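Notes follow once the structure below has been shown.
Rule-based calculations on the coordinates, nothing more; no lab input. All values derive from a computational prediction rather than experimental measurement. For neighbour counting, all protein chains shown are included, and Cβ atoms are generated from backbone atoms with ideal geometry for every residue, glycine included.
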Amino acid sequence: MTENSENVNDTIMKMVNNLKSAVPKEKINNYEFGSLKRTASLSNSNESCYDDLTPIKKFKQENRLDLTYIGSPREMRRLRADLVEARNLILTLESRISHMHGLRKQMQLVFDEENQSLKRQHEYDKKTIEELENQLQTIRQREAELKKGLAEVNNKYDLLKIKTSEQVEKLEKSLEEFKEESRQIEFEENSIIPGLERKISELETMLEAAEEDAEAQKKLAAELELRLSEKKSIERDLELKEQALQNAKLYIKELEYVKESMLEFQEQAKTQAHKLTHYVELQKENEELKEENSRIKEDIRNKRSIRFKEPPRKFKAQEKKFVDLQVQEAQNALYLNEWRAVARGICESTESDAALPHLLRTTVERLQQQELNLTSEKVELESQLKSISHEAKIAKVELEKSQKLLAELKLTGEQKQALIHRMQKKLLLVSRERDSYRLQLDSYEKDLTLWVNTTSTGSSSSNQLQAQKERIENLERIVEGYRDMVTKLENDVQSAQPNIANDIVPVKAEQLSRLQDEVQQLKNENEKLRDRKDQLEIQLETYMVGHDTLQGGQVFHLANNPLAECLAQRENLVDKLEQEVDKLKRKLKNMEEGIENSKLGDVSLCPKEVHALKEQIKSHETQTQMLKDYFKSQMQEFRNVIYMLLGYKIDRTQNSLYKLRSMYAEHADDQLCFQVNKEGDLNLLENEFSATLEDMINLHLRHQKSIPVFLSAITMDLFNNKTMSKTFQIE
Amino acid sequence: MTTAAQKNKSAITLKGSAEIVCDYLNYGINSILFQRGLYPPESFKSDENYGLTILMSTDNKIKEFLSTTLGWLVDRTVNKVALVITNVKTLEIMERWDFNVEYEGDVANGEQTSEKPLKQIKNEIRDVLKQIASSVAYLPLLDCLCSFDIQIYTKSDVELPAEWAEAEPANIKNAQSVKMRTFSTNIHKMETVVTYKNDD
């Protein structure tokens, strides 16, 4: 402010010097004094106006005094001229001085205003700074408190964390154990289930096959039954035929018997016939023999008579022979009779003996023919019988076979059904168990997730602690429940196993053994499969996709391969970034410290920049100041020139309100006020001075409608008045 | 390129066969590098071979690597060439492309020739390259910064050239592998297998 005022004073001084006036130094001093005393108030300005006026009056009084002085007319004229000149000079000087005063006042006003505004701003800034400092302090205090609180809370939280983590670890351990258990159980289950399922499926397939077989067998059985019925009918037929056959056999036997007897008879007949043929000879012989005998008897008698004493041996032999023959003959006759009777019986004729052999022969032939027929029939029947019996045998065997098969299938079906039933039971049990385990697992998982959630969203410590405690209790309860469940399940299993054993007991021992065999077989198979699986696993491990096999060789790669390069680059980058981070950290620390030490923390941020900016601001300020000064001086000059050229001093007091004061105004208050209206025209405002100019307003403004003319007229009028008054005064 | 192979019109020499295999490796590895996004796509320029357009990397390292491999293929000392894709951040191996080499025919004969028509071999190679290109459909997305390394699995008696170093075999945990088609020159048989880390 003082600078400004000094500037203003300097300018005034310069202006005053430029005037080359003859105003005494005292007055200038007075003005200076006055100007120093002056304020922005109006009353003061009025006073100053009076101050300005007083010297003029004094001059006038002096002039009047001068009039009394009497000199030569030429001198008088010269003096008058001098006087007029001097007066003019004085007037111009006065006007200039007043103008200067006005200017100075304005400047003062402007400066005061600026000063005030700046002061106000300054105070405001101060206040705000204080407030901000206070705020900062409070904030810092609060921050410290909060930090403390945070540290406490953190400590608490850490403690809690440790506690909870221990608990959690315990729980996790238990959970892990349970998981392990459940996993084991599940694994067992899993290992059992697929086996069982496989078995079941196998059994099912077997059952299906068996059912199919059974159906096929049923069909077969039906067929067989059909065949059986056929067979039965055939059998019946066969029986009938057999009966017939037996009858026939009987008949044949009878016939055979008859035939045998017949043959015997025939033979007998033949012998008889033969004998009969010999009979005549025998008779002849007999007669011969009789003759001989008689002769011999005669001989003997003759001989006896001759030689009685010695018995003839020949005769005796003859006699013996004869007796034999006689016996034989009798016998033969007996036989013959018998034969005849038989032949008659056979021939059923009572014909004479002569026709008997013929008849017998015919009958025998007939019988032979009949026998032949019968034998052929018999052979036929026998062959038939043989074939039928063979067929029957085959059918029987088949039937037996199919029946056996059927029985077997039925048996196996029943067994399988029983097995399936058992398996289903087992499966149900296992699935139930599995479900329970799954449930358990789910609950575990849920617990785990819940726990994770709670830990991740760590709210206030007390709440958390409470929640943790509750959680732990809950978990313990759950764990207890699980334990109970496990024991229950174990008991169930133990109780179930003997039941199974009991169930098995009533089953046939055979079946049991068979099943055991089967089980053994399956076990063996299982063992084999397991071995195979192990082998395959080993193989798989060797072929394990993820693992690379060296195969006894070496692995080479380029030393500067892209991966290595990339890694090196990355390392470099990381190093750089770490360095930068360190730097930034340090900077941040410095900044924090700087802010705490001084309010101008920005300076430490980048002092160079700030300095440059400040310099820039300074240069800008000086520039603006220079421009201000320049414009001020130019404005002053312009105003002066206008005043000198047109005789009006134009002031712009308010917005678009212009006050004009004539160079020749009689009073300092004589001013004309013009206002620029909205259309851009000028309106003359009424005041004390304009009220005295009614004529001129009427003429020039209302009639001629020209402001310049009006103003010129006023100028002329005032000038004339002044000069006239002067001349008049002079006269 | 395959002039050595075509010198004797009806027969492919051992060296020619090795060159065919190296050509395949060059195209196959570049195709994988492009498909799996290991280099930015701008660093590839397209090249036409086997009736396919294949994008080839401008990196010379692969060619350098293949020149060494060629010699070893002629000597029949290479068991396998593996392209290993590794996560740079965790150093976890994400994928491994195995190019298993088998030697057919009279292994002791240095002047071995093959009567298999070149066109048929090229068709086989084209089929494999097509499979490689389509493998992107099922391979997991590599959404991390990855880099690759090419390793040669050799028999134990190999002279190690300069700038080469011994490496560790790359094992992948929880892996799954897909076998591609194989092709054969009747001297070298090349089987391509991709093994990748299973996300599930």
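Say the cut-off is 31 Å between C-alpha atoms; which of B:LYS61/B:LYS197; A:LYS148/A:LYS608; A:LYS284/A:LYS314; A:LYS163/A:LYS446 go over it? Show your work: numbers first, answer last.
Values: B:LYS61/B:LYS197 26 Å; A:LYS148/A:LYS608 38 Å; A:LYS284/A:LYS314 22 Å; A:LYS163/A:LYS446 22 Å.
Over 31 Å apart, Cα to Cα: A:LYS148/A:LYS608.
Hey, got the average number of other protein chain Cβ atoms within 10 angstrom for residues in B:77-90?
Going residue by residue through B:77-90 and averaging, the value is 3.
Cα-based count: Lys pairs in the stretch B:94-196 below 26 Å, eight or more positions apart or different chains?
Eligible lysine pairs with Cα atoms under 26 Å apart amount to 15.
Taking the alpha-carbon distance from A:LYS583 and a cut-off under 13 Å, which aspartates and glutamates remain once sequence neighbours fewer than 8 residues away in the same chain are dropped?
Those aspartates and glutamates meeting the cut-off are A:ASP575.
Select from B:ASP127, B:ASP143, B:ASP75 the residue whose mean-square fluctuation is largest in a Gaussian network model of chain B (Cα-Cα springs shorter than 10 Å).
B:ASP143
Enumerate the lysines that A:LYS199 could reach by cross-link, defined here as Cα to Cα under 24 Å, with residues fewer than 8 away along the same chain left out.
The reachable lysines, counting only those whose Cα sits under 24 Å from A:LYS199, are A:LYS410, A:LYS416, A:LYS425, A:LYS426, A:LYS508, A:LYS523, A:LYS528, A:LYS533.
Given the options B:PRO161, B:PRO117, B:PRO140, state which has the largest fluctuation in a GNM of chain B using a 10 Å cut-off (strictly under) for Cα springs.
Highest fluctuation among the options: B:PRO161.
Rounded to a whole number of µm²/s, how large is the Stokes-Einstein D of the stretch B:1-147 at 20 °C and 1.002 mPa s, given Rh as the Kirkwood radius over C-alpha pairs? Walk me through the numbers before you get to the answer.
On the way: Rh = 16.5 Å.
Approximately 130 µm²/s, per Stokes-Einstein.
Explain nothing, just the number: dipole magnitude of the stretch A:333-421 about its Cα centre with +1 on each Lys and Arg Cβ and -1 on each Asp and Glu Cβ, in debye rounded to the nearest 20. Working shown, then result.
Values: 12 positive and 14 negative charges, 102 e Å.
Charge dipole, the stretch A:333-421, about its Cα centre: 500 debye, nearest 20.
Under a no-solvent Debye model with one identical scatterer per Cα of the stretch A:148-246, what's log10 I(q)/I(0) at q = 0.16, 0.21, 0.22 Å⁻¹?
Results for the stretch A:148-246 at q = 0.16, 0.21, 0.22 Å⁻¹ read -0.89, -1.03, -1.05.
What is the average number of partner chain Cβ atoms found within 10 Å of a Cβ in B:160-169?
5
What is the helix-to-structure angle for B:61-75, meaning the angle in degrees between its Cα long axis and the longest Cα principal axis of chain B, kept from 0 to 90 and rounded to the nearest 10?
40 degrees
Going by how many other Cβ atoms sit within 10 Å of their own, how do A:HIS611, A:HIS700 line up, fewest first?
Numbers: A:HIS611 11, A:HIS700 20.
If I rank by nearby Cβ atoms, fewest first, I get A:HIS611, A:HIS700.
For peptide B:142-149, compute the average count of partner chain beta-carbon atoms within 10 Å of each residue's beta-carbon. Intermediate values should be presented prior to the final figure.
On the way: counts 0, 0, 0, 2, 2, 9, 4, 7.
So the per-residue partner count for this stretch is 3.
Measure out, as a whole number of angstrom, how far apart the alpha-carbon centroids of the stretch B:55-116 and the stretch A:106-174 sit.
66 Å
Please identify every one of the trypsin sites (Lys or Arg not before Pro) in the stretch B:35-125 that sits in a loop by DSSP and has no more than 16 other beta carbons within 10 Å of its own beta carbon. Could the numbers behind the result be given before it?
Working: sites: B:ARG36, B:LYS45, B:LYS61, B:LYS63, B:ARG76, B:LYS80, B:LYS89, B:ARG96, B:LYS119, B:LYS122; in loops: B:ARG36, B:ARG76, B:LYS89.
Those satisfying the criteria are B:LYS89.
Under 15 Å Cα-Cα from A:LYS396, which aspartates and glutamates qualify once same-chain neighbours fewer than 8 residues away are excluded?
The qualifying aspartates and glutamates are A:GLU223, A:GLU225, A:GLU230, A:GLU235.
Towards the positive end of the charge dipole of the stretch A:236-325, with charges on Cβ (+1 Lys, Arg; -1 Asp, Glu), say which of A:LEU325, A:SER261, A:LEU250 has the farthest Cα.
Towards the positive end, the residue furthest out is A:LEU325.
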